[in-house]
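Input: a single structure, listed below in structure tokens.
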Amino acid sequence: MRFVATLADGVEKVEVAGAGGSYRLTIGAEVWEVDARLTAQGIYSLLIGGVSYVAEVTDDGGACVVDVGDEAWVIRVEEETRHIIRTHGGDASGHAGQTLTAPLPGKITHVAVAVGDRVEKGDTLLVIEAMKMENEFRAGAAGTVAEVRVQAGQAVNAGDVLVVLEA
Amino acid sequence: MRFVATLADGVEKVEVAGAGGSYRLTIGAEVWEVDARLTAQGIYSLLIGGVSYVAEVTDDGGACVVDVGDEAWVIRVEEETRHIIRTHGGDASGHAGQTLTAPLPGKITHVAVAVGDRVEKGDTLLVIEAMKMENEFRAGAAGTVAEVRVQAGQAVNAGDVLVVLEA
Amino acid sequence: MKITKVLIANRGEIAVRVVRACREQGIASVAVFSEADREALHVLMADEAYPIGPAPATESYLRIDRLVAAAKAAGADAVHPGYGFLAENAAFAEACAAAGLVFVGPPPSAIRAMGDKTAARRIAREMGVPMVPGTIEPVASDAAARTTAAEIGYPLMIKAALGGGGKGMRLVRAAGELEGALRAARSEAAGAFGDSAVYLERYVSEPRHVEMQVLADTHGNVVHLGERECSIQRRHQKLIEESPSPCVDPAMRARMGEAACRIVEAAGYVNAGTVEFLVDSERNFYFLEVNTRLQVEHPVTELVTGIDLVREQLRIAAGEPLGYTQADVVPRGAAIECRINAEDPFGGWLPSPGTITGLRGAAGPWVRDDSGVYEGCAVSRFYDTLLAKLIVWGADRAAAIARMARALAEYKVVGVRTTIPVLAHVVAHEDFRAGRLSTHLLDRILPELAGSRGRLRSVAIVAAVLAEHERLGRRTLPPEAPSSTDAWRAALRPGVWGGRR
Amino acid sequence: MKITKVLIANRGEIAVRVVRACREQGIASVAVFSEADREALHVLMADEAYPIGPAPATESYLRIDRLVAAAKAAGADAVHPGYGFLAENAAFAEACAAAGLVFVGPPPSAIRAMGDKTAARRIAREMGVPMVPGTIEPVASDAAARTTAAEIGYPLMIKAALGGGGKGMRLVRAAGELEGALRAARSEAAGAFGDSAVYLERYVSEPRHVEMQVLADTHGNVVHLGERECSIQRRHQKLIEESPSPCVDPAMRARMGEAACRIVEAAGYVNAGTVEFLVDSERNFYFLEVNTRLQVEHPVTELVTGIDLVREQLRIAAGEPLGYTQADVVPRGAAIECRINAEDPFGGWLPSPGTITGLRGAAGPWVRDDSGVYEGCAVSRFYDTLLAKLIVWGADRAAAIARMARALAEYKVVGVRTTIPVLAHVVAHEDFRAGRLSTHLLDRILPELAGSRGRLRSVAIVAAVLAEHERLGRRTLPPEAPSSTDAWRAALRPGVWGGRR
């Protein structure tokens, strides 16, 4: 089976063969012989050439976060055909950065901008309180505020659109 | 819903009402208001009149073992109708004690009896080795050996019939 | 004044800590829980547990009336406040006393004298303990703050007059940042402590944060249990603490301990308390504040001294004398604590609420896991991010560091992001190992962390691809209509992947 | 002779213990595993792991050839044998030496001199250490055993000439039981240690089992680390151990320690070892045997002395000197260990293999969990029943007991039966609390345990009925064809019962 793994620092094609715990993965030019087991909820044991790795795989909405050693990676894995369809069909996330969505559930404690405001990169847009912390969210690039969909005191869920900027 | 709970020291009729974590159980004449949650694999949290209990429920082939506080009980729970059918239809376990079945998987290391032998209560019938321990199994009552279905060196699974005695 | 049943006015790992201490003393424990916390660990572990309101803390864990009512209804004779929430709220201590409940902490007068940083700084000045220049009184308005700030000079710190734990604290580098920082600090302080008062203080560059643990009984006995170094911080919140401090020698320990005891005695303080100092690069120490409660990081002191601080709190509250003197307090070895928070250190330290789907803690020799969570439990967005405290002891600091590195590598949390990867990097860093600590160390070395790559990247891809491969394999299987027993068993059994069991 | 990579010729909690010590020393660890153990914890935790054969130990963990080959293939420079399996097998130590591998334990000559109980008893006699009357040589035949047994008198003990841990040990109350007991003891000894030789010893009534921990380096330094009391046993296997012993005062400790060091020195012993004594009701002590390896119960000594015994084993094996003298070994407080075994204490102590479907260990202050299992792992029928060792420290024995009671109550294991309920009862028993220990205590108080009833019985019924109620509720739901993502998520998420999350 052929997959595409998308990381922050690159895209890798991966081919998987094998079954029953014993696999051969081809990542680009590298070949990996892997003895793999899911030993508990999302905790994987991998034996690769005798070296023992324990990887934690957390589902994170489309992508997954993999912890191994002291490192953590966000990796989006797709079947190759799906990846081709998605990347050729136009990516909705191409305009990301213009739209501020809530990355976590919480309560809006302060909205610093109004429709029509001009903002510079780094300006505070609003503050979300969650887990007893005030988290400031800033503009990723300069722009004009097109929409403000929330107000102070309002509860939001992860993924809610909060502010839309126009370039 | 009506259940029958069978314990080593008695049989209790139990009626359950409620849902969504909040239940009323009637055990004989006692009424128990219970706030119950399954918090992890087989680990239950029960709040009963403010008192917090954590019970471990292990499935044990038909019955379950419940650990709560420092105590452990083996409890067989059946719907009332099932219980009535079973107990009125003749219980196959009524002849238990005449048949020695393997209570755990292991290896037979010694068979002390042969067909036709007369045994007294407490006489060793055979020895099963499991988890590096030799476990002796003895006659629960006097009798004559009718069948010996295993021999030394043989591996057995839990539930296998090993020796049959006639009174 | 024997204590037989204690209501714990808190949640999370500290409520669990107090339950454990009560059980070991033969004291019954009563938990309280908000609607979000029915399945929280402290509810499961306590002898009794009662609901006290909706999820927001202001409607439950900060409701003095409901807490006191629950304590009376349960027949408790004492209340332990933990840390945070109402732990340094004199009105809560008074409400407990008025209801005939022993408050496991200092008397309200001492909370007022010391817990209010303004009053505490006044006392410290009177006792001749050195302090960082700043305002003694809270700043009344933004305008007044601007004037005072100009006198103190930038950069400066805004700090909440009540509370601690980094909440309501902000660094202000220039005048333009003052207004926003004041608003944020006041808002956080109000949410965390119910009081928005803040004061200003000159900023000391590359400071170390060192604090002395003190115990005072009702018979006038006061001892200190040595210091804790808490310099590894992010967002002014402690992340790694240790005892002893690598910068404190016996002579400095004696001077700081003596100063701490002097302040505490002057305030008529009783029970466990902590006197915080700032230490500059020349190892001068300055009084910061007194925390009139158990600290999050108390375990490092426990492991080094062998003294159970929560047990001592309960004994002192019951009127028992300490029973030992300063000379009897003999430190042994070194202890380090790491805070495992539900935060994403690679994503701006954003909180990471969710469900912990997989959990395997660290264990083994001289590893202590003070956790408030378990596998399968929810991490609520309503409360702070602290999941667990991982504490180790070693015969010396190097042994403790090696052990902490080992323990962090063992600790597996799936389902929420945690601080574990960054903690592991700090503990492995040469500056940390050499004891070159400051409250800026973490910010300075964080950029180094993002870049590390190599073989592990490929291993991570292997794991991610196999997870997806497995997921697709499941999808292509026909959905089985499970038999009754199998359905039940399946629900009780973790997934098996890559082979039959 | 620097050690950089250690192969651990063992499994279970002790293999995990050695992995941890290696990691803390910066030494790479290599696990080995049988076909039954691919997913065992020691495989997951080690740096590397290699298969060595089928599930039966005789085809894997007892195969000297495969272990040495694995060590060489992995590039290990040392081998740690753990306890049990080949730990006291001189041929294994020799095979390691022949392959150029450092054996982390005594030299083969010392294993032969001390590990063989026959030779050890000869040395003890020469050194003037008191002993229980019995045969010095192994009994050659059943006929010879009958003759010798008649001389010693009944009741008597049969003991394996090699090994320990209660395996190959049998009490014989009368001549009629001798033959069966000999057969059982020989069979167990052969299976456990590869040698069926046994000897006979007079039986001491209500004895206490007290042992001294010793450390000897290659430079002639020998120290003892005080005693462990191991009197709480069932089937002659230790269940609860503690240090210090409540029956040993400083003078007796000095005498026993001196006797232990004398025996060890006479044998040219190096590395960690344990000298076992039997103590009668008048507090006389008799030499029993030397265990030429790490003991299962070593953690209680570690917690009291602050000395990491596995670290010391590795240092000694590398040729390093101890670096401290007897006067530097200062005990502090009290430690207790409970063995959590997969056995059914209410069902004749039958082994209880299976899958651990639910697991929540004990944690918190001064609680150490040395476990070899995790939630979801299989407990194989091929290996011993020890799942985990729960160890606590307290400022005194009473504090340690209270803490152990608390920790046992926290420890939850679902899926296999364990010794936890009986451990809890022993720890709560007045004889245990008063320190009135003997190797018969457990058998004496066990009948008391079966009868306890009351409110908890009803609570157990509530839990059992609700579990069945829930099971039926699941059955009556139509089997859903889950969407792909849901199926995956469901597999990763514990069951939720009684409400939405």
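Taking every residue in D:405-416, how many Cβ atoms of other protein chains lie within 10 Å of its Cβ, on average? Walk me through the intermediate numbers first.
Numbers: counts 4, 8, 3, 1, 5, 7, 1, 11, 5, 13, 9, 3.
Other-chain Cβ atoms within 10 Å of each residue's Cβ, averaged: 6.
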Task: Estimated [θ] at 222 nm from DSSP helical runs (n ≥ 4, -39500 (n - 2.57)) normalised by residues in chain D, nearest 500 - done: -11000 deg cm²/dmol
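What is the sum of charges around C:ILE52, taking Lys and Arg as +1, Asp and Glu as -1, for the other residues whose C-beta is under 11 Å from the C-beta of C:ILE52? Intermediate results must be reported in sequence, preceding the final value.
Numbers: positive: C:ARG11, C:ARG63, C:ARG66; negative: C:GLU35, C:ASP37, C:GLU59, C:ASP65.
Net charge around C:ILE52: -1.
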- [ ] Any chance you could check the Cα centroid distance between the stretch A:1-35 and the stretch C:319-336 for me, in angstrom?
- [x] 57 Å
TODO: Put a label point 7 Å from Cα along the Cβ direction on C:SER205, then list its distances to the equivalent points in the other copies in nm, shortest first.
DONE: 8.3
Task: Separation of the A:VAL115 and B:ALA17 label points, Cα + 7 Å toward Cβ, nm - done: 5.5 nm
Open item on the list: Just to be sure I understand the model, the point goes 7 Å from the Cα along the line to the Cβ. What's the resulting C:ARG255 to A:MET1 distance in nm?
Closed with: 6.7 nm
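Once the other residues with Cβ under 13 Å from the Cβ of C:ALA140 are scored (Lys, Arg +1; Asp, Glu -1), what is the net sum? Please list the in-between numbers first.
Details: positive: C:ARG146, C:ARG186; negative: C:GLU137, C:ASP142.
Once positives and negatives cancel, what remains is 0.
Could you list D:ASP195, C:ASP65 so that the one with the fewest beta carbons within 10 Å of its beta carbon is first and the one with the most is last?
Values: D:ASP195 17, C:ASP65 9.
The most exposed by this proxy come first: C:ASP65, D:ASP195.
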Task: For a label point 7 Å along the Cα-to-beta-carbon line of C:GLU282, residues of the stretch C:121-145 with backbone N under 19 Å - done: C:129-134
Task: Cα point-scatterer Debye curve for the stretch C:133-202, base-10 log of I(q)/I(0) at q = 0.18, 0.21, 0.25, 0.26 Å⁻¹ - done: -0.55, -0.75, -1.07, -1.16
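If each DSSP helix of 4+ residues adds -39,500 (n - 2.57) and the sum is divided by the residues in chain A, what number results at 222 nm, nearest 500 deg cm²/dmol? Numbers along the way, then the final one.
Values: 1 runs with 9 residues, N = 167.
Helices in chain A give a 222 nm mean residue ellipticity of -1500 deg cm²/dmol.
For peptide D:39-51, what's the mean number of Cβ atoms from other chains within 10 Å of each residue's Cβ?
Numbers: counts 10, 2, 3, 1, 6, 14, 7, 3, 4, 6, 6, 3, 3.
The shielding value for this peptide is 5.
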Task: Paramagnetic reach from C:ASN221 in the stretch D:389-405 [backbone N under 20 Å; point 7 Å along Cα→Cβ] - done: D:394-400
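Taking the Cβ of each residue in C:LEU278, C:LEU359 as the centre, tally the other Cβ atoms inside 10 Å and list the residues starting with the fewest.
Numbers: C:LEU278 23, C:LEU359 27.
Lowest count first: C:LEU278, C:LEU359.
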Task: Copy-to-copy label separations for D:PRO250, where each label sits 7 Å from Cα toward Cβ, in nm and ascending - done: 2.1
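Provide C:MET169, C:MET212 in ascending order of the number of other Cβ atoms located within 10 Å of each residue's Cβ, fewest first.
Values: C:MET169 23, C:MET212 27.
Ordered from fewest to most neighbouring Cβ atoms within 10 Å, C:MET169, C:MET212 come out as C:MET169, C:MET212.
Go through C:346-353, D:378-385, A:113-120 and give me the packing order, highest mean Cβ count within 10 Å leading. Write out the running numbers ahead of the final one.
Working: C:346-353: 20.2, D:378-385: 22.8, A:113-120: 12.6.
The most tightly packed comes first, giving D:378-385, C:346-353, A:113-120.
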- [ ] Name the nearest-to-axis residue of chain A, judged by Cβ distance to the rotation axis taking chain A onto chain B, and quote that distance in whole Å.
- [x] A:GLN41, 5
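If the viscosity is 0.890 mPa s and the temperature 25 °C, what Stokes-Einstein diffusion coefficient in µm²/s follows for chain C when Rh is the Kirkwood radius over Cα pairs? Before the final figure, lay out each step's value.
Working: Rh = 24.0 Å.
Value of D from the Cα-based Kirkwood radius: 102 µm²/s.
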Task: Alpha-carbon spread of the protein assembly as shown, three principal axes, descending order, Å - done: 104, 72, 71
Open item on the list: Please compute, for peptide D:17-28, the average count of beta-carbon atoms on other protein chains lying within 10 Å of each residue's beta-carbon.
Closed with: 4
Open item on the list: Going by Cα centres, the stretch D:382-433 and the stretch C:131-175 are how many Å apart?
Closed with: 52 Å
Open item on the list: What is the sum of charges, Lys and Arg at +1 and Asp and Glu at -1, for the other residues whose Cβ falls under 13 Å from the Cβ of D:GLU265?
Closed with: -2
Task: Spin-label pair C:ALA99/A:ALA142, simplified geometry with 7 Å Cα→Cβ offset, distance in nm - done: 5.8 nm
Open item on the list: Suppose the chain between C:THR147 and C:THR325 were pulled fully straight at 0.36 nm per residue; how much longer would it get relative to their current alpha carbon spacing?
Closed with: 59.3 nm
TODO: Measure up A:LYS107/C:LYS238; D:LYS5/D:LYS159; C:LYS412/D:LYS2; A:LYS107/C:LYS167; A:LYS132/C:LYS389; A:LYS132/C:LYS117 against 29 Å on the Cα-Cα distance and list the ones that go over.
DONE: D:LYS5/D:LYS159; C:LYS412/D:LYS2
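What's the FRET efficiency of C:ALA174 with D:ALA266 using the Cβ-Cβ distance as r and R₀ = 45 Å, to the nearest 0.05? Each step should come with its number before you reach the end.
Working: r = 77 Å, r/R0 = 1.72.
Once the sixth-power term is evaluated, E becomes 0.05.
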Open item on the list: How many angstrom lie between the Cα centre of the stretch D:205-223 and the Cα centre of the stretch D:105-124?
Closed with: 14 Å
Task: Inter-copy separations for D:ASN284, label at 7 Å along Cα-Cβ, nm, ascending - done: 7.3
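No value in this document is a laboratory result; all are computed from the given coordinates. Just so you know, these numbers come straight off a predicted model, no measurement behind them. So basically every Cβ, Gly included, is an ideal-geometry build from the backbone, and we count neighbours across all protein chains shown.
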